[in-house]
Amino acid sequence: MLTSSKLPSRLGAIAFAVAASLIGTTVQATDITGAGSSFVYPVISKWSAAYAEKTGNHINYQSIGSGGGIAQIQAGTVDFGASDMPLKAKDLSKFGLGQFPDVIGGIVPAFNVAGIQPGALVLDGPTLADIYLGKITSWNDPAIAKLNPGTHLPSSKIYVVHRSDGSGTSFNFTDYLSKVSAEWKSKVGEGTAVQWPTGIGGKGNEGVSAYVKQIPNSIGYVEYAYAVQNKLGYAKMKNAAGNVVEPTIASFQAAANTADWKSAKDFNLLMTDAPGADAWPITATSWVIMYKTPKNAANTKVAFDFFKYAYEQGQDAARALYYVPLPTSLVQQIENYWATEYKK
Amino acid sequence: MSAISAEPLPRDTEHRSRTDARHDLLFRFLLRFCALLVLAALLGAALATLWGGRDVLFKDGLHFLFSSEWNPVENKFGALAPIAGTLITSLIALVLAVPVSFGIALFLTEIAPRWMRGPVSSAIELLAAIPSIIYGMWGLFVFVPFMANTIEPTLNDTLGNIPVIGALFQGPPLGLGLLTAGIVLAVMILPFISSVMREVFQTVPARLKESSYALGSTTWEVVWDIVLPYTRSAVIGGIFLGLGRALGETMAVTFVLGNSYNLTASLLMPGTSISSSIANEFNEAVDLHRSALIALGFLLFVVTFIVLLVARFMLRQLARREGR
């Protein structure tokens, strides 16, 4: 009796151990892949390092550009794509995809004019559009002077700097100009790359930063982090509510809070020209794109867990890199969206 | 022992020659395969870029070549600005690099003391080993401010005032632009041209040069009438090697060219080139935009091919004039 009962139990123990080790390795080896936007690459890599330490799951994110990210998720070669442009409802439903925002960032006009301190220049949307249209060509133009009473503005020519590569930064910037200037909308429009009426192109945020630093009397636009790290002169902006705001994490978050997310289907909303009293007008986000019916259920589950971790515990990491974590109300809305739209 | 190995059996020789012939045949096939591999790769790349660019080429046809509009928002693409930028920067590079290379090569073969030749020519060849991204960064952070503060204001005040060509040298002293890109390219292709020239100048028989000196020629006369005619075709080959490099150079040009699609008469204004347009925009390009960029790649093939064809033609004309 004793021996016969002992044997199966020992076999059972071995089987259990083998099974456990198998399950153990599969859990440890879940490597999920993502591709797309270079805008979110720094924060995703920071989150994924912390997440891997905590759970053992690795997130392999390739910063190949939004267009590439969309192509890869449509081809099903990655577990999630990331794009600086939201997909239209039509394109989402065609491929059975869903999308949600991941993190927020600000885009700031940066200038280099001798005698004007960082933050001492105020611009508004129409003026910025006219500068980029080549209609306002000198720093002491009446339109700029009106916004900056008491500031001594030189009569020198304005050198316009834009991005030469296709980028989400340009997309959000041109979207903002299209919203505030009818002429910009009809003549140039919005896109990751557009036909710039004037100016010189720098490759990447670093290229634009370098040009603005080197060319006196120039103006450009860069992600907030680059303006801070390169100590560029940034301009304050007059927002949609008519208030002059500084580019700060608080004003970016105000834009995210006041943007009308509730009525945006599939979060298809650009936060530029947000209505809030303290909102920074050129605030941007990027979107994570995933299949609603997962192609690989185990990986998709980890991906959701990763973004949940990022929303709930990755806020400090985001702030350290000058990104803004999503507001709690938006995170709540995203988690509802997951529950209703995605099959797990 | 030695007697045996000196006179091998007749059957053995026959066997040896038969295997030799077989090896020879195999070797010939191998060589032909190597050569064909290059041709196949070239043809494949050209056809692949043509195929990738078919959308924009079918849609716009020749208009793609002659339009200077580049509007990704409205899907209107014209390659004139990148083609012009590529040709202009390469031409500036050649105009600057050829005389300097010629001087370097002559100095090293005819004039320099023997102890100096080794170090100087190694230094020039080291220029060729610098990655192009380093040239780009040097161009942007060191050379562009120098152009903006010193050279371009001077050009504006001097050459800019001459009636016809003045328009070429007038413009805001940005430091970035076609001229700066051309100068950076000149530095990059200098080692290629000068090392080819130096090599071929060394092949001129000393007899010819010494005879000329004996007849009372100056160094310049020896160079111009003896050395250069003797090596002419190889020198032109070296120049076109440099030109090929200049036409396709990407990173260094992207950094200092200014990347603007607006065509202007001034060399001080920013422009764009075929390869830098592709490098800049390929990441985020979709659909027709992507097709237009691939078609640009095909055009670079065509431009390079035409340049090589012109070089061949020039060489043939030279040979005919000499009655060879």
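Some values worked out for this structure:
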| quantity | calculated |
| --- | --- |
| Ratio of Rg to Rh over region B:155-292 (Cα coordinates, Kirkwood Rh, two decimals) | 1.16 |
| Cβ-based charge dipole, region B:149-229, positive-most Cα from B:200, B:155, B:170 | B:200 |
| Separation of alpha-carbon centers, region B:15-44 and region B:253-324, rounded to whole Å | 35 Å |
| For region A:188-214, residues shielded by at least 50 square angstrom of accessible area compared with the chain on its own, probe 1.4 Å | A:193, A:195, A:200, A:203, A:211, A:214 |
| Accessible carbon and sulfur surface of region B:210-302 relative to its total accessible area, %, 1.4 Å | 64 percent |
| Cα→Cβ-extended label distance, 7 Å offset, between residue B:127 and residue A:329, nm | 6.4 nm |
| Sequence-distant lysines (8 or more away, or on other chains) whose Cα lies within less than 30 Å of residue A:135 | A:146, A:157, A:179, A:185, A:187, A:203, A:213, A:231, A:236, A:238, B:76 |
| Distribution of pairwise C-alpha distances over region A:131-191, 5 Å bins, in % | 4, 17, 21, 20, 18, 14, 6, 0 |
| Net charge, residue A:196 excluded, C-beta distance under 13 Å - Lys, Arg +1, Asp, Glu -1 | -2 |
| FRET efficiency, residue A:244 to residue B:305 (Cβ-Cβ, R0 60 Å, nearest 0.05) | 0.55 |
| Helical mean residue ellipticity (222 nm; -39500 (n - 2.57) per DSSP H run of 4+; nearest 500) of chain A | -14000 deg cm²/dmol |
| Residues whose placed amide H lies under 5 Å from that of residue A:286, excluding near-sequence neighbours | A:102, A:103 |
| Accessible area buried at the A-B interface, both sides summed, 1.4 Å probe (Å², nearest 100) | 2100 Å² |
| Distance (nanometres) between label positions extended 7 Å along Cα→Cβ at residue B:114 and residue A:198 | 6.5 nm |
| Accessible area in the full protein assembly, largest first, 1.4 Å probe, for A:157, B:209 | A:157, B:209 |
| Rg to Rh quotient for chain A, alpha carbon positions, Kirkwood Rh | 1.11 |
| Accessible surface, per residue, of chain A when the full set of protein chains is kept, probe 1.4 Å, Å² | 42 Å² |
| Interchain or long-range residues, amide H under 5 Å from residue A:97's placed H | A:292 |
| Unit Cα scatterers, Debye sum, region A:110-158: log10 I(q)/I(0) for q = 0.18, 0.20, 0.26, 0.33 Å⁻¹ | -0.49, -0.62, -1.10, -1.62 |
| More than 22 Å apart - percent of Cα-Cα pairs taken over region B:109-191 | 44 percent |
| Average Cα contact separation per residue, chain B, under 8 Å, 6 or more apart, as relative contact order % | 26 percent |
| 1.4 Å probe, heavy atoms, protein only - residues of region A:163-179 losing at least 50 Å² accessible area vs chain alone | A:164 |
| Peptide B:70-78, shielding by other chains (average Cβ, 10 Å cutoff) | 4 |
| Protection-proxy order for peptides B:164-170, B:257-263, B:246-252, each taking the mean of Cβ atoms within 10 Å per residue, highest first | B:257-263, B:246-252, B:164-170 |
| Mean projection area, nm², convex hull over Cα of the protein assembly as shown | 52.9 nm² |
| Lys/Arg +1, Asp/Glu -1 at C-beta; the protein assembly as shown dipole; positive extreme among A:98, A:133, A:182 | A:98 |
| Computed magnitude of the charge dipole of the protein assembly as shown (debye, nearest 20; Cβ of K, R +1, Cβ of D, E -1) | 1240 debye |
| Hull volume in cubic angstrom per residue (convex hull over the Cα atoms of region A:32-121) | 140 Å³ |
| Heavy-atom accessible area per residue - chain B, 1.4 Å, Å² | 55 Å² |
| The protein assembly as shown: antiparallel DSSP beta bridges as a percent of all, rounded to 5 | 60 percent |
| Percent carbon-and-sulfur accessible area, chain A, ignoring ligands, DNA and RNA, probe 1.4 Å | 56 percent |
| For residue A:268, net neighbour charge (Lys/Arg +1, Asp/Glu -1) across residues whose Cβ lies under 12 Å away | 0 |
| Lysines with Cα under 19 Å of residue A:262, excluding same-chain neighbours fewer than 8 positions away | A:88 |
| Along each principal axis, Cα extent of region B:227-317, largest first, Å | 51, 29, 22 |
| Using distinct alpha-carbon pairs, which all enter the 1/r mean, Kirkwood radius of region A:125-248 in Å | 14.9 Å |
| Estimated translational D of region A:182-331 in µm²/s (Stokes, Kirkwood radius over Cα pairs; 10 °C; 1.306 mPa s) | 89 µm²/s |
| log₁₀ of I(q)/I(0) at q = 0.09, 0.12 Å⁻¹ - chain B, Debye sum with one point per alpha carbon | -0.64, -0.98 |
| Distance between region B:203-235 and region A:44-77 - C-alpha centres, whole angstrom | 65 Å |
| Computed over region A:89-221: relative contact order in percent, which uses C-alpha pairs under 8 Å that are six or more apart | 33 percent |
| Isotropic mean projected area of the C-alpha convex hull, region A:279-344 (nm²) | 5.2 nm² |
| Sites residue B:46 and residue A:114, calculated FRET efficiency, Cβ-Cβ separation with R0 45 Å, nearest 0.05 | 0.30 |
| Alpha-carbon Debye profile of region B:72-154, log10 I(q)/I(0) at 0.12, 0.15, 0.21 Å⁻¹ | -0.62, -0.88, -1.17 |
| Inter-part distance where region B:155-178 and region A:144-179 are each reduced to a Cα centre, Å | 27 Å |
| Reduction of at least 50 Å² in accessible surface, 1.4 Å probe, comparing all protein chains with the chain by itself, residues of region B:266-297 | B:280, B:283, B:284 |
| Fraction in percent of alpha-carbon pairs per bin - 5 Å, region B:1-128 | 2, 7, 7, 8, 7, 7, 8, 10, 9, 9, 8, 6, 3, 3, 2, 2, 1, 0 |
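The values are calculated or read from the model by the stated rules, or taken from the named source; none is laboratory data. What you are looking at is a predicted structure, and each value in this text was computed from that prediction instead of being measured. Neighbour counts run over all protein chains shown; Cβ positions are idealised from the backbone, glycine included. With ligands, DNA and RNA removed, areas are computed over all heavy atoms of the protein, side chains included. Shrake-Rupley method; radii C 1.70, N 1.55, O 1.52, S 1.80 Å.
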